[in-house]
Amino acid sequence: MTPGAPLVEMRGIVKAFGAVEALRGADLTLGVAEVLGLVGDNAAGKSTLMKILTGVHRPDAGEIVFEGRAVAFHSPRDSRALGIEMIYQNLALAPNLDVVGNVFLGRERTKRVLPRVMEWLDERRMDAETRKILDRLKIRMDSVRAPVARLSGGQQQAVAIARAVSFNARVVVMDEPTASLAVKEVGKVLALVSELRAKQVSVILISHRLQDVFTVADRVMVLRGGRGALDTRIGDTTMDEVVKYIVGADTGGLSHLASGR
Amino acid sequence: MTWSRVGLPAVIVLMALTFSVLNPNFYSALNLRNVARQSAILSLTACGQTMVVLSGGFDLSVGMVIGLISVAASLVMVETGLWTGMLAGVLMGVGIGASNGVMVAKMHLPPFIATLAMLSAARGVALILSGGLPITDLPRDFRWLGAGQVLTLPLPAVIAAIVFVGCHLLMKKTRFGRYVYAIGGNEEAATYAGVPVARYKISVWALHGLLVGVAAVVLTSRAVSGHATLGEGAELESIAATVIGGTALGRGRGSIANTLLGVVAMGILTNGLNLVNVSTYYQMVAMGVIIAGAVYVDQWRHRGD
Ligand SMILES: Nc1ncnc2c1ncn2[C@@H]1O[C@H](COP(=O)(O)OP(=O)(O)OP(=O)(O)O)[C@@H](O)[C@H]1O
Ligand SMILES: [Mg+2]
């Protein structure tokens with residue numbers, strides 16, 4: 001990887017669900033330790049593009065390059081192996097499992113009972129690690145053994161955030177991570193984003209709250225109708241301009257130039 | 001979970017007291033051994049059913065599949081011998097369970113349709129193979145499986161106990177169990193977390209099929225012949241034991257331990273009703289009411305979850 005080369009590049013991503021063309025040739029680049037704000041109207045294709053990056057969906061066309069190498073993800077397991085984590089818009093928690101079970105879902109710690117034959121879950125270790133993770137993120141939780149169905153919306157969001165940022169992630173995708181948080185908690189999430197960047201982690205932040213994006217992001221990208229409409233450094237634009245690109249008014253040929261890059 | 005911790009144990013004690021007052025024979029060692037022997041088959045099918053239910057499915061084909069395996073294993077046994085017959089029965093169980101699993105996990109059929117289809121197919125094949133007649137002349141030694149004892153305990157009950165402990169540890173202590181719960185609770189979340197959902201679903205159905213296979217072989221041994229109708233009602237009984245124990249249909253909530261209580265409650269109820277001469281027909285009616293009631297009460301307790 002040459003210095004300065006992007007960590008993630010998605011090129012010409014196309015994805016249709018039946019008759020719905022969710023993505024029509026979307027491009028995305030993400031640098032190391034860069035925070036990218038990804039914005040756009042409802043149904044613009046933001047979540048779909050990110051689910052392609054994590055291997056939930058497979059693109060109909062287009063390619064993904066990670067650290068200069070073309071990659072194909074068949075399942076979220078593959079993207080996780082490269083350190084790509086995502087906080088999904090609907091959180092994707094198992095309501096019947098406790099906090100520990102959700103934080104470690106898909107990467108349980110085990111201990112050998114009979115070598116090579118039987119491994120048991122190492123509950124004590126996962127319990128302790130979960131507490132440590134929550135402490136570090138300053139998330140307060142009465143019990144890490146409560147089923148997440150019993151937690152408040154904000155607490156559930158905290159669990160989803162905790163499990164995405166705590167396992168040596170290199171890229172963290174946050175799809176509306178502040179949707180059900182109180183103002184004070186929103187500030188914590190934004191601080192966390194800056195903290196991740198300081199640790200050389202790249203972040204893609206999807207949010208309908210433009211002020212959040214303008215607070216923490218280095219770059220902002222607008223998706224409209226499944227295609228990039230704007231991709232620029234935060235310092236080179238304004239909220240008003242971004243809003244214009246989101247709704248698509250008065251940008252005519254310009255949007256074409258921008259997405260063509 | 002107060003039902004499985006307090007309510008159900010209380011109901012079990014109450015039933016035991018009532019039946020022992022109504023009929024002093026209830027507490028005889030002979031009768032209790034009978035309860036254990038009769039509950040053994042249900043234990044096997046209910047353990048399998050519970051794991052399938054925890055993964056978000058349920059199996060209506062248990063009874064007919066037991067009949068099919070009973071017939072097929074008996075035929076193999078008559079032709080080739082005791083051990084190959086038993087092995088064939090168990091392996092058939094695994095194969096049928098895995099087929100149900102593939103229909104649910106790969107073809108995305110609702111479990112209701114998949115297992116109803118399996119039920120029909122199994123009944124057909126069982127009747128084709130047997131011509132509707134029992135298969136007799138099974139090896140003498142085969143009887144031991146259903147009638148034998150280990151340290152005065154009925155062998156089927158010992159098998160059931162081992163299965164209960166094994167399934168409990170599997171569901172509570174291993175990654176496999178964790179994933180079954182996760183899939184039942186939120187399949188999408190499990191997928192996003194990198195769990196190979198289809199593979200685990202097929203595995204849990206295959207494991208359930210294995211237990212159904214064992215149940216069929218033991219039941220055949222007790223009947224001393226292979227019958228297409230041997231497992232009649234087993235699907236409902238196993239679902240009943242599961243939901244009475246407090247495992248919820250389609251929500252990944254419950255446990256093998258709950259189902260042990262459900263099996264005990266069903267065993268005492270059936271045995272007690274027999275002792276006080278309530279006919280099987282009335283018992284069938286009672287079973288229907290109990291299943292509907294148990295699910296209703298569960299939904300009512302968890303409304304808004
Ligand atoms: N699994 C799916 N099956 C069918 N259609 C889908 C699926 N996922 C997304 N879509 C469709 O693709 C389009 C883009 O959806 P997507 O969720 O990516 O939008 P979004 O930009 O994240 O919107 P929002 O801001 O509302 O979250 C929508 O029309 C949506 O209905
Ligand atoms: Mg979205």
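The values are calculated or read from the model by the stated rules, or taken from the named source; none is laboratory data. Quick caveat: nothing in here was measured; it's all calculated off a predicted structure. Neighbour counts run over all protein chains shown; Cβ positions are idealised from the backbone, glycine included.
Scan the range A:42-65 for residues that are in contact with a helix residue (DSSP H, G or I) (Cβ under 9 Å, 6 or more places away or on another chain) and within 16 Å of ligand 2 (Cβ to nearest atom) and the total you get is 6. Listed by first and then second residue, the pairs linking a residue in the range B:47-59 that is within 11 Å of B:ASN100 (Cβ to Cβ) to a residue that is among the aromatic types (Phe, Trp, Tyr) and part of a loop (DSSP other than H, G, I, E, B), with Cβ atoms under 9 Å apart and 6 or more places separating them unless they lie on different chains, are B:VAL52/B:PHE58.
Taken over the range B:247-267, the criterion of being in a loop (DSSP other than H, G, I, E, B) and not polar (S, T, N, Q) is satisfied by B:ALA248, B:LEU249, B:GLY250, B:ARG251, B:GLY252, B:ARG253, B:GLY254. The set of residues from the range A:183-197 being closer than 10 Å to A:VAL216 by Cβ and either basic (Lys, Arg) or in contact with a Pro (Cβ under 6 Å, 6 or more places away or on another chain) (or both) comprises A:VAL189, A:ARG197.
Within the range A:110-152, the set of residues being within 14 Å of another protein chain (Cβ to nearest Cβ) and touching a Ser or Thr at 6+ places or on another chain (Cβ under 7 Å) comprises A:GLU119, A:TRP120, A:LEU121, A:ASP122.
Each residue in the range A:18-42 was checked for being within 12 Å of ligand 1 (Cβ to nearest atom) and touching a residue at least 12 places away in the same chain (Cβ under 8 Å), and 9 of them qualify.
For A:ARG209, the conditions (1) farther than 16 Å from A:ILE87 by Cα; (2) within 14 Å of chain B (Cβ to nearest Cβ); (3) within 16 Å of ligand 2 (Cβ to nearest atom) all hold with the exception of (2). Of all the criteria given as (1) under 15 Å from the mean Cα position of the chain (by Cα); (2) modelled with pLDDT of 95 or more; (3) within 26 Å of A:LEU192 (Cβ to Cβ), the one not satisfied by A:ILE64 is (1). Within the range A:77-101, the set of residues being surrounded by 21 or more Cβ atoms within 10 Å (Cβ to Cβ) and either facing another protein chain (nearest Cβ under 8 Å) or within 16 Å of ligand 2 (Cβ to nearest atom) (or both) comprises A:ARG80, A:MET86, A:ILE87, A:TYR88, A:LEU91, A:ALA92, A:LEU93, A:ALA94, A:ASN96, A:LEU97, A:GLY101.
Table: residues versus (1) within 16 Å of ligand 2 (Cβ to nearest atom); (2) modelled with pLDDT of 90 or more.
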| position | (1), (2) |
| --- | --- |
| A:ALA149 | no, yes |
| A:SER152 | no, no |
| A:ARG197 | no, yes |
| A:SER202 | no, yes |
| A:VAL222 | yes, yes |
| A:ASP236 | no, yes |
| A:THR251 | no, no |
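Restricting the range A:159-180 to residues that are within 16 Å of ligand 1 (Cβ to nearest atom) and not aliphatic (A, V, I, L, M), the residue that is nearest to the other protein chains (Cβ to nearest Cβ) is A:ASP175. Among the residues of the range B:212-246, the ones that are over 18 Å from B:GLY85 (Cβ atoms) and part of a helix (DSSP H, G or I) come to 12 in all. When we screen A:VAL35, A:VAL39, A:VAL14 for residues that are crowded, with 23+ Cβ neighbours inside 10 Å and away from ligand 2 (no atom under 16 Å from the Cβ), the only hit is A:VAL35.
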